[in-house]
Amino acid sequence: MESFSAALDLFFLSPFREMTALPDLLLQVIWEGFVSGILYALIALGFVLIYKASAVFNFAQGIMVVFAALVLVSLFDLGVPAWLALILTIGVMGILALSIERLVLRKLVNQHEAILLMATIGLTLVLKGAGQLVFGGEPKSMITEELGLSTGSSDWEVFDGIVIFQHIDIAAAVIAIIMVAALALFFSRTRIGRALRAVADDHQAALSVGISLNQIWAIVWFASGIVALVTGIMWGARSDVSFALEIIALKALAVLILGGFTSVPGAIVGGLIVGIGEKLFEVYWGPIFGGGVEAWFAYVLALIFLLFRPQGMFGERHIERI
Amino acid sequence: MLYREAGQFKTSYSADQALLPIAQDRIGLLFILVVAFIALPMFASDFFISSIMIPFLVFSLAAIGLNILMGYAGQLSLGTGAFMGVGAYSCYKITSLFPDLNILLVLFLSGFFSAGIGVVFGLPSLRIKGLYLAITTLAAQFFLEWCFIRIGWLYNYNDSGAIEVPQRMLFGLAITGPHATPVTRYLVILTIVSVMTLIAANVLRGRIGRSWMMIRDMDIAAELMGIRPLFSKLSAFAFSSYYCGVAGALMVFFWLGSAEVESFDINHSFLIMFMVIIGGMGSLTGCFMGAAFIWVLPVILRAIPPAFELNILAATMEHVSSIITGVLIIFFLIVEPHGLARLWRVGKEKLRTWPFPYAT
């Protein structure tokens, strides 16, 4: 009994005691988690856009983030002004979207979802190889200041301590909110946005009222390419632009499970839960396990969550028929 | 002309239910086995045996493991690398705890640990399926990788964090460790892989295998027809993980010689998934074809520039081969989503009716 209550204390009481002992640290941890949560949410958003419109599980989203950021940085290194580099990168993502639709997706219409998933994994290999071939494998630093983003930080004195806010993190949060709002408007107010929702709802019905599937797919891939670019800039500003980002992007998959594959708000909420949850877990529970728990926390959380709610928080419940 | 079953009459049920009912197939398989067991060890160079044939066989076995789960039971999994790791680490642990135990016995025992872990991470499959399940298996991948790093007991607390394969004897011959010759290791692996493939082929066409396929084709209908999904799905996970675990143990003990976490990372899970998809889901022959394709292709690609005396950096070549592999995967998915095995089957059908393709 003695050891049992000690274990109980270790897992369920002492982390909370630590939290209340240093509330400023707790706030800092939550803020860090919030920011990385936003970045997870942005990657997950790219997944959701494509999955909603084409039922393709786009594994290449992570590498697209790296690719977009690398194109931007390399263009700038070549002497292109930052604003022009940004526009050119958007153009490159557009060409990428068009060619993916043209060369890969169009040929794989109506295939099993595992096969589409494999195709995007193949795409990941191609983009990774091409990226390393063209831009080299070493990490590059993001052109944060040239894009007009501040790199300073502000302190906030609270609870007899200070919480540090990096300006770039604040910018990330604001930009993410703007982008989600823009996407929401785009989906509900524009003609293309409505067509996208129609395709997401029912491919055949959308086809029958004259919506071009191919066009829609090119548009969603382009849209998620832009989301990838924004994510790449934000993430690159926090650390370097490197291919290691790709593995981190896999965590967005756990976010997707929490939020549901087809839900934009789900991606946001899921991202925040994973981001904040994993930082708290790492800081307060991590030492019990010997550290490094960030690597699996998101997945295990998703796994446990799925046992109770298989369709995710905002996912649609499918009724199966025979 | 040569590939005909005409005149081969079956006079008993057992002949009718044989694994290879057509005599030419039996001769072909016998030929392959003779080449693999006798000709290759006699004539092939050590390089060919140790860096092409041994990895090919290891990956074939792992691909069979994953194919049982993906192709036969219809449950996607991205955690193959970690399940191979469980096999490898438990094999290492058992043989260092009981050094006198026969290494082959240890090898087969270690598969059971992997099977157990597979069942645990297969539990969500009872509630969810498809891509959701694929992502939950990522939990297995990352959690187990973390265990391999953080739990020092698994690698006997040595400083490098790697597992070093000790020398083990069989019939007075070193079969693992630095003194084992490539040919010996190759023959051991070949025997194990052949036997396990035979077992898999028979399990798959038996009662359990059929229940897996029913679950794959339509789980609700299968349940209504009296298949227990709980038992079927978990047994598929157990069986598949057993094969992956043994493949992982083989990989470390008979190929790499020592291994760290990197040998079981997510890229290996993908590699084996490529093999299954390229080879063909739901085909054992396909596993071997896919493994050969995915493993041998980069080796050939790497050999091309020196052959033409081009001076290309090794790193550049690696990126190019990554691109080519990616393109080929997409190409194959577009041309034949059912993999090389389907191409092979179509080819055989064509051969049967050749030269009169319309005379059926």
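Bear in mind these aren't lab numbers, they're just calculated from the coordinates by the rules spelled out. Because the structure is predicted, anything quoted here is derived from the model rather than measured. Here the Cβ positions follow ideal geometry from the backbone for every residue, glycine too, while neighbour counts run over all protein chains shown.
Listed values, structure above:
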read-out	value
Whichever lysines have a C-alpha closer than 22 Å to that of A:K279, once near sequence neighbours (fewer than 8 apart) are set aside	A:K251
Computed [θ] at 222 nm, deg cm²/dmol, the protein assembly as shown (DSSP H ≥ 4; -39,500 (n - 2.57); rounded to nearest 500)	-21500 deg cm²/dmol
Convex hull projection area averaged over all views, the stretch A:1-114, Cα basis, nm²	13.2 nm²
The stretch A:167-214 and the stretch A:48-114: distance between their alpha carbon centers, rounded to Å	16 Å
Longest site-free stretch - chain A; sites: GluC sites (Glu not before Pro), DSSP loop, at most 12 other Cβ within 10 Å	A:1-315
Rg/Rh (Cα only; Kirkwood hydrodynamic radius) as it applies to the protein assembly as shown	0.98
Residue with peak Gaussian network fluctuation, chain A [Cα springs, cutoff 10 Å], from A:S188, A:S224, A:S14	A:S14
Spread of Cα-to-Cα distances over 5 Å intervals beginning at zero, given as percent, for the stretch B:116-161	5, 20, 22, 17, 13, 10, 8, 4, 1
Highest-MSF residue in chain B out of B:Q141, B:Q75, B:Q17 [GNM, Cα springs under 10 Å]	B:Q17
Relative contact order, percent, chain A [alpha-carbon distance under 8 Å, six or more residues apart]	34 percent
Chymotrypsin sites (Phe, Trp or Tyr not before Pro) within the stretch B:73-104, DSSP loop, no more than 14 other Cβ atoms inside 10 Å	none
Volume per residue of the C-alpha convex hull in chain A, rounded to whole Å³	159 Å³
Lys, Arg +1 and Asp, Glu -1 on Cβ, resulting dipole of the stretch A:164-287 about Cα centre, debye, nearest 20	380 debye
For the stretch A:50-144, alpha-carbon Rg over 2.2 N^0.38 Å	1.18
Sequence-distant residues sharing a close amide H with A:I162 (under 5 Å, placed H)	none
P(r) of the stretch B:218-300 over all Cα-Cα pairs, binned every 5 Å from zero, in whole percent	3, 12, 14, 22, 20, 13, 8, 5, 3, 1
Kirkwood Rh and Cα Rg combined as Rg/Rh, the stretch B:185-236	1.20
For chain B, alpha-carbon Rg over 2.2 N^0.38 Å	1.03
Residue with peak Gaussian network fluctuation, chain B [Cα springs, cutoff 10 Å], from B:G209, B:G152, B:G87	B:G152
Binned Cα-Cα distance frequencies in the stretch B:4-83 - 5 Å width, integer %	3, 11, 13, 13, 14, 15, 16, 10, 4, 1
